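Here the structure comes first, spelled out in structure tokens, and everything after it is commentary.
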Amino acid sequence: MLEGSTSLRISRDSCFLALGGDSLNIVRLARAARDQFHLSRHELPILALARLSTLHEMAGVVDVALAKIIDKGSASTGLGFEEEKLDGGQETASAKALLVTPQKSTQRSDARAVDVVVDKEAFVEAVALQGTFSESFDANEHILRVMSLNTTQSGILFHSMHGEGQGVYLEQLVWRLDGNIDTSRLSDCFDMLLRKHALLRTFVDTNTWQHPVQIVLKPDFAADHLDMRIIRRALGHTDADNLAEFLHRDRQEGLDIFAAKPMFRVHLIENEMRTARGTPAWTMVLTVHHIIFDGWSLGLILDDLCSHYHLNLNGKTDKKKGMAAAAAALEDADAKLDHFVQYLSWEANLNHSRSLRYWRNLFDGYQPPSKMAIGTALAQLHTSTALRPALTHTVPFGKDTVEAIHRVARKFQVTPNAIAQTAFVLARYDFLPPDKGHSRNAKIDAIYGATTSGRSAPVRGVSALVAPLVRSFPVRLRISSLEEQVVSRRLGLCDLMRSLHAQLTESLEHEHCNLSDIQRVVASRELFDSIFDFEPEDQTRMLQEGDGGVTMTQTATIDRIGYPLSVRVSFGNTMVALFTSEHVDHSGSALNDGRLGPLGVQMNEAELVVLGGRFVKALDAILSAPSQPVMNLASNLAEQGPNFA
């Protein structure tokens, strides 16, 4: 369950978080325990495990839950038997299970399972009848499989077809490559990625079937149509303007999600200047559409890219190794595709009633504001539908900050994500009460969106899927209810961290609800105007080690996600916080349903810098004195600049 922890020594007193556990693994652990011992969510709540530290303590909670069930069962059935004992007086799971009622299924109870795979033969016949594709595309020859879209893909498709377009859901990832790059070898690596991850070779069709489908291309056809361009001596080593102009043109070119070819392209650009070692300096740009890809997928792809590049050491091709790797990639791709189909089936048959009750309760008493906007020009409303350039501000942090975050996380039993989100909440929202000279609504809430990997689904192999499973859900912190504790200095920064950690962990069990459904039960089409994305990924990787080593350093991420403010924290050996503000105005369009975020005013560059500075100050306070009162930091932040609530 804890990936990458096989070399660790694990004992009953091992700390779950220190072993690499996080909120996602806590959810998986809770589900595994419920399935093993037939416990319901009520009998083993997720927070009962999230608040504990060691494996022994977590096992104790499960024992207590089972003991209550046995006591209740014995009282109601009158069964009297001596429970079989193990060494140490522990009851066996089989004895306990005799009196336990199986957990109710979260799948639909009303019907057959939804069929998520389209019969290829029937689809090819429909293509022939309707003439969907050009004559040069042989559907029978080039199509491997036809499937439904998942919920995330369906939402992206809707907005791609009806929205402003011009770059929404298109991501550009930029790396600096230092070392003696073998471009042919790197090209082979991307060929291997296509073969290993089936969704990288999919495209979308909305015309042939009764519902939109995604079509998986066969590996050889996809590899022949991969758009990989090598451009030599195109950029000056320090000429950032040239790169910015190139990225703008690349974004304008876009990606056609309906074309029968891979939905990403790669540019390898040789710079005019050389590195300190005298080798060419290269820039690599990966342009990809979110309908096939998410942040979790990036880490998987980079791992594979590095491992494939290492296969042919010193640029010498080992044909036997190469053939074995290709065969393994295809076998792995088939398994991953089967796992994705299982995910589609699981998702399509979910019953969301329990989760929707959770979201309704979380927003009990919530009164949506008349207008949600950020920035200083709150009265200004934009009416132009032209896509304006997104503004960004990047704040880098070193290894010392990462190590300090891990220390605080272990001490207070929270995740690094919870610490980063606490810093964001403190930076953005005003915790000072109105009588301290700050005017705000007494019922104000801190409400923002948080992204999650979507990998908590109980589906085999879900963690290894390169697929768009990412979800977003609302986070609510009732600032007004904390006012008395803030003023009396009884609320510490660590208390705020723990509160957010508990809510984020509990919300993970309900992450698979559609955001539009959450908005419906909350009776608000505009829940939040900012979104926080925590990505556990390293900025620097080694394509090749040794004297002829090749270093791969991510230098930029350009993305449009449709919210006035987004914060992306990349957390690995180092940490980078990227603050982005973009203009969002969907008034009068088919998109004015709240799903892309509300009407918002774009922040200017100065405001982004101020927000970034407040984030740094809040994070420093959390790491240096996590038990200090929130009031102390709130007063200090008020002196630095305005909040953005």
*Could you compute the FRET efficiency for HIS211 and SER187, with r as their C-beta to C-beta distance and R0 at 30 Å, rounded to 0.05?*
0.25
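How large is the accessible surface per residue of the range 488-553, computed with a 1.4 Å probe and reported in Å² as a whole number?
Counting only protein heavy atoms, the per-residue value for the range 488-553 is 36 Å².
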_Vicinal HN-Hα couplings computed from phi for the range 602-611 (Karplus, 6.51 cos²θ - 1.76 cosθ + 1.60; Hz; Gly/Pro x)_ = 5, 6, 8, 4, 4, 5, 5, 5, 4, 4
*For the residue pair ARG520 and ALA625, what label-to-label distance in nm results when each label sits 7 Å from Cα along the Cα-to-beta-carbon direction?*
5.0
_Karplus (6.51, -1.76, 1.60) ³J(HN,Hα), θ = phi - 60°, over the range 204-221, in Hz, Gly and Pro reported as x_ = 10, 10, 10, 9, 8, 9, 6, 8, x, 9, 10, 10, 8, 7, 5, x, 5, 5
_Please list, by residue number, everything in the range 392-429 whose backbone N is under 18 Å from a paramagnetic label point 7 Å out along Cα→Cβ of GLU639._
427
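Taking 0.36 nm per intervening residue step and subtracting the Cα-Cα distance, what contour gain separates SER481 from HIS406 on full extension? Each step should come with its number before you reach the end.
Values: separation 75, 0.36 × 75 = 27.00 nm, distance 2.96 nm.
Between SER481 and HIS406, full extension yields 24.0 nm more.
The values are calculated or read from the model by the stated rules, or taken from the named source; none is laboratory data. Because the structure is a prediction, the values reported are computed rather than measured. Cβ coordinates were reconstructed from backbone atoms using ideal geometry, including for glycine residues, and neighbour counts include every protein chain displayed. What goes into the accessible areas is simple: the full protein's heavy atoms, side chains included, and nothing from ligands, DNA or RNA. Shrake-Rupley method; radii C 1.70, N 1.55, O 1.52, S 1.80 Å.
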